[in-house]
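Peer 1: Below you will find the structure I want to go over with you.
Every number here is computed from the coordinates shown, using simple stated rules; none is lab data. Because the structure is a prediction, the values reported are computed rather than measured.
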Amino acid sequence: MSDTQFNRPIRVLVAKVGLDGHDRGARIIATTLRDAGMEVIYTGLRQTPEMVVNTALQEDVDAIGISILSGAHMTVFPKVMALIKQKGMDDVLLTGGGIIPADDMAELKKIGVGELFPPGTSTADIVKYITEWVHANRNF
């Protein structure tokens, strides 16, 4: 399924939350999504959950992708999800990847976080997941 089946490109915000300064993975994902025809807003380093959700709201994104390697995923994802719900953005996908143990991934999915991708995941799988989720859940 390609972006050309939609009325407009899928808009994805890619963010690094907290003090984690390793952004190579986030940049690779941002470039991959852009190459797949999506519009990508990359927030850069050291964002707060509030900054991420406010930017997502202002930019009218379809998905938020958080790259996290710091071990703070059980704090960051629930905070971002709570802000998404608070702002009425229930139709925006929250996804991400990084160093996240499988048990924690399962817990995060229970609160509404979408698929989480560990290191080594095929970028094609990430593009496919976001595209299919947006097609199924957003009004195009």
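Peer 1: Karplus couplings for segment 126-134 from phi (6.51 cos²θ - 1.76 cosθ + 1.60, θ = phi - 60°), rounded to Hz, Gly and Pro as x?
Peer 2: Computed from phi, the couplings for segment 126-134 are 5, 4, 4, 4, 4, 4, 5, 5, 5 Hz.
Peer 1: Something else: Among rounded, prolate and oblate, which fits segment 60-140 when a ≥ b ≥ c are the square roots of the eigenvalues of its C-alpha gyration tensor, a/c under 1.5 means rounded, and a/b larger than b/c means prolate?
Peer 2: Cα axes put segment 60-140 in the oblate bin.
Peer 1: Could you work out the relative contact order of segment 12-140, using alpha carbon pairs under 8 angstrom and six or more residues apart, expressed as a whole percent? Please report the intermediate quantities before stating the final value.
Peer 2: Numbers: 188 pairs, mean separation 32.6, N = 129.
Relative contact order, segment 12-140: 25 percent.
Peer 1: Give the Rg (one decimal place) followed by the Dmax (whole number) of the chain, computed from C-alpha coordinates and expressed in Å.
Peer 2: Over the chain's Cα set, Rg and Dmax evaluate to 13.6, 38 Å.
Peer 1: Let me ask you something else. How large is ³J(HN,Hα), in whole Hz, for each residue of segment 75-85 in order, when computed from phi with the Karplus curve 6.51 cos²θ - 1.76 cosθ + 1.60 and θ = phi - 60°, using x for Gly and Pro?
Peer 2: With coefficients 6.51, -1.76 and 1.60, one gets 9, 5, 4, x, 5, 4, 4, 4, 5, 4, 5 Hz.
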